[in-house]
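The values are calculated or read from the model by the stated rules, or taken from the named source; none is laboratory data. If you're wondering where the values come from, they're calculated on a predicted model, not measured in any experiment. Cβ placement follows ideal geometry from the backbone for every residue including glycine, while neighbour counts extend to all protein chains displayed.
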Amino acid sequence: MENGCSREEIREFYIDHDKIPLHMKLSYPPSPLENGKCPLLILQHGFTGHMEEPHLLAFEEAARRQGYAVLRSELYGHGMSGGAFKDHTILKWVSEMMTVIDYARSLDFVSDLYLSGHSQGGLVAALAGSMKQDVLKGLLLLSPALMIPEDARRGNLLGMTFDPENIPDSLQMDDRVLGGNYVRAAQFVQVEPVIRRFRKKVLIVHGDADESVPIQVALDAADLYSDVELEVIPGDTHCFDNHLDQAADAVGRFLGRMKEA
Ligand code: FER
């Protein structure tokens, strides 16, 4: 169809955010819609991640099968987007996510807009989504790493320890270097008030064997959101390696119900 819905092809392009090119892929639902409009889900990867990870592709497919278009975004220092990994921060990602949301809103075939993200992408979806909740119908948090700011204040990010009051200029993590400004920006972020002010519908999907983000993070967030469903996937990991089908089904069911709401 001319207006964008129900095409099999995936559109790949870049949008500009303050001279940083952000890599996007837009896919469409498999079957045509009567009025030429469909809802759209923004899907954001996590820390060191990218848009082709298997769990993201499974969530994309689940959303498409429910009649949603899906916009996968890669943010600063990740995938094929601009910027160096070591220079990325949560604040840059939040600012970029606002631009991604505005881009999605500008598409004339979009009816309702949903925001989702995995892990650090979930944290950023929670933050940017709260700022722009008036333009969203719902928020989907997939193994959301909502405790990164607390980790940064404690001086322990993914097992990498440092003095939180004397932050080094750079941190060595396996084969990558992360700039100290990542830590400073993360320390600045207060997640709880951001969650408390969010009034739209939320789905949290989390494996109870998540090795990077403890299930308790999801339980705590579920207590704070005002309108939330929590789907715990028993025995599953951070990237849903064991039961990806169950995690994707949870997303599909939620999106299916939201369309009727
Ligand atoms: C951390 C805990 C979890 C962290 C990152 C993660 C950078 C996971 C992020 C992801 O998978 O996106 O302290 O610090």
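The table below gives the values:
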| item | result |
| --- | --- |
| Where Ala145 falls short, out of the listed (1) in a loop (DSSP other than H, G, I, E, B); (2) without any contact (Cβ under 8 Å) to a residue 40 or more places away in the chain; (3) small (Gly, Ala, Ser) | (2) |
| Tally, over segment 154-186, of residues that are within 11 Å of the ligand (Cβ to nearest atom), under 21 Å from Leu127 (Cα atoms) and not aliphatic (A, V, I, L, M) | 2 |
| Hits in segment 201-214 (condition: away from the ligand (no atom under 13 Å from the Cβ) and surrounded by 18 or more Cβ atoms within 10 Å (Cβ to Cβ)) | Lys201, Val202, Leu203, Ile204, Val205 |
| Selected residue (criterion: nearest to Leu224 (Cα to Cα)) from residues of segment 159-199 that are of a type in the set (A, V, I, L, M) and assigned to a helix (DSSP H, G or I) | Ile195 |
| Candidates Val183, Val189, Val232, Val177, filtered to the one that is of a type outside the set (S, T, N, Q) and within 30 Å of Gln66 (Cα to Cα) | Val232 |
| Flag if Ala125 is modelled with pLDDT of 95 or more and either within 20 Å of Pro39 (Cβ to Cβ) or away from the ligand (no atom under 14 Å from the Cβ) (or both) | yes |
| Residue that is in contact with a helix residue (DSSP H, G or I) (Cβ under 7 Å, 6 or more places away or on another chain) and crowded, with 17+ Cβ neighbours inside 10 Å, where the choices are Val217, Val191 | Val191 |
| All positions within segment 83-135 that are polar (S, T, N, Q) and under 16 Å from the mean Cα position of the chain (by Cα) | Thr89, Ser95, Thr99, Ser116, Ser119, Gln120, Ser130, Gln133 |
| When residues of segment 205-261 are limited to those that are in a helix (DSSP H, G or I) and touching an Asp or Glu at 6+ places or on another chain (Cβ under 6 Å), the one farthest from Leu33 (Cα to Cα) | Ile215 |
| Selection within segment 22-47 - over 21 Å from Gly129 (Cα atoms) and either in contact with a Phe, Trp or Tyr (Cβ under 8 Å, 6 or more places away or on another chain) or within 16 Å of the ligand (Cβ to nearest atom) (or both) | Pro29, Gly36, Lys37 |
| Single condition Asp102 does not satisfy, out of (1) crowded, with 20+ Cβ neighbours inside 10 Å; (2) at pLDDT 95 or above | (1) |
| Val189 farther than 20 Å from Leu56 by Cα, within 13 Å of the ligand (Cβ to nearest atom) and modelled with pLDDT of 95 or more | yes |
